[in-house]
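See below for the structure under consideration.
Bear in mind that the values in this text are calculations on the coordinates, not laboratory data. Since the structure is predicted, the reported quantities are computational estimates derived from the model, not experimental observations. Note that each Cβ is placed from the backbone with ideal geometry, even for glycine, and that neighbours are counted across all protein chains shown.
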Amino acid sequence: METTLLPAEALPDSERNGVYRAIFSRRDTRGEFLPDPVSDEVLSRLLMAAHHAPSVGFMQPWSFVIVRGEEPRRRVHDAFLAAHAEAALMFPEDKRDTYRSLKLEGIMEAPVNICVTCDRDRAGPVVIGRTHIRTMDLYSSVCAVQNLWLAARAEGLGLGWVSIFDNAVVQRALGIPDGIVPVAYLCVGKVRGYHPRPELEAAGWRPRLPIDQLVHFDRWGEQEADQGLLNRLRADQETLAGR
Ligand SMILES: Cc1cc2nc3c(=O)[nH]c(=O)nc-3n(C[C@H](O)[C@H](O)[C@H](O)COP(=O)(O)O)c2cc1C
């Protein structure tokens, strides 16, 4: 098959910078939602960005449940409250008060919630690329989530991923059939602003890890081989942290 390839050039500076800006300034948003509705025009762009994510075997296993109704949101929120209370007791005692003080969802405040799902049977039982690692379809739906998240940032919207609940309750609340997995429950909408750093970092829960300690060369545990790259990574992380 003859294919004419499109030019593989770097994007012009301003567009390239825009992509990185969206990546570095994207935040998980929970407490800053405004009630303003998200227009169909913008919502369509977000969903289209999600729908153009990579997927194993081009399976496109995702669907999107747009949740605006009070009743299903209330049920998901109740599921959150129950799981949140249980979760607090799972942390060491000295962390429980901090945990309880964190705002970890914006289900009722955000004007729209989106549940991204994964249909594990969408492309039949044998899927190119999923033959040996069954979870690749779930990862594909997560790729759709990340596209949506970055697109939301580009649109000046906030997005918060809520995962503290019994998934079966969310499945029932949204009428999602068996065999289709709710992968991500997202709260989306206009926000008062973005936190400059992850809220968990600012709250002293966990710091951003030094990237030079996360890179291995050729073999796990070999972390010194390329000092040039390591120095560059340290410098870039420092620059970003100082912004
Ligand atoms: C799979 C996944 C699940 C998450 N679940 C929650 C959640 O239930 N509640 C919450 O407040 N944040 C949740 N987050 C957001 C993370 O806490 C957040 O991404 C992280 O602290 C880094 O902050 P940032 O996204 O603002 O950079 C989740 C993120 C991911 C990727």
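Quick look at the values:
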read-out: Among Leu186, Leu81, Leu233: highest mean-square fluctuation, GNM of the chain, C-alpha pairs under 10 Å; value: Leu233
read-out: Loop-located chymotrypsin sites (Phe, Trp or Tyr not before Pro) in the stretch 1-88, at most 10 other Cβ atoms within 10 Å (DSSP); value: none
read-out: Contact order relative to length of the chain, as percent, for alpha carbon pairs under 8 angstrom and 6 or more apart; value: 29 percent
read-out: CD proxy at 222 nm, helix term only [per DSSP H run n ≥ 4: -39500 (n - 2.57); per residue of the chain; nearest 500]; value: -13000 deg cm²/dmol
read-out: For the stretch 127-139, 3J(HN,Hα) per residue [Karplus equation, 6.51 cos²θ - 1.76 cosθ + 1.60, θ = phi - 60°, Hz, x = Gly/Pro]; value: 10, 4, x, 10, 5, 10, 10, 5, 7, 4, 5, 5, 4
read-out: Spacing of the two label points (7 Å from each Cα toward its C-beta) at Ser44 and Lys95, in nm; value: 4.5 nm
read-out: Spatial separation of Cα centroids for the stretch 187-243 and the stretch 126-184, in angstrom; value: 24 Å
read-out: Electrostatic dipole magnitude of the chain [Cβ: Lys, Arg +1; Asp, Glu -1; Cα centre; debye, to 20]; value: 360 debye
read-out: Within the stretch 143-168, backbone nitrogen closer than 14 Å to the virtual label 7 Å beyond the Cα of Asp121 toward Cβ; value: none
read-out: Dipole-positive endmost among Ala168, Asn113, Ile133 within the stretch 113-183 (Cβ charges, Cα centre); value: Ile133
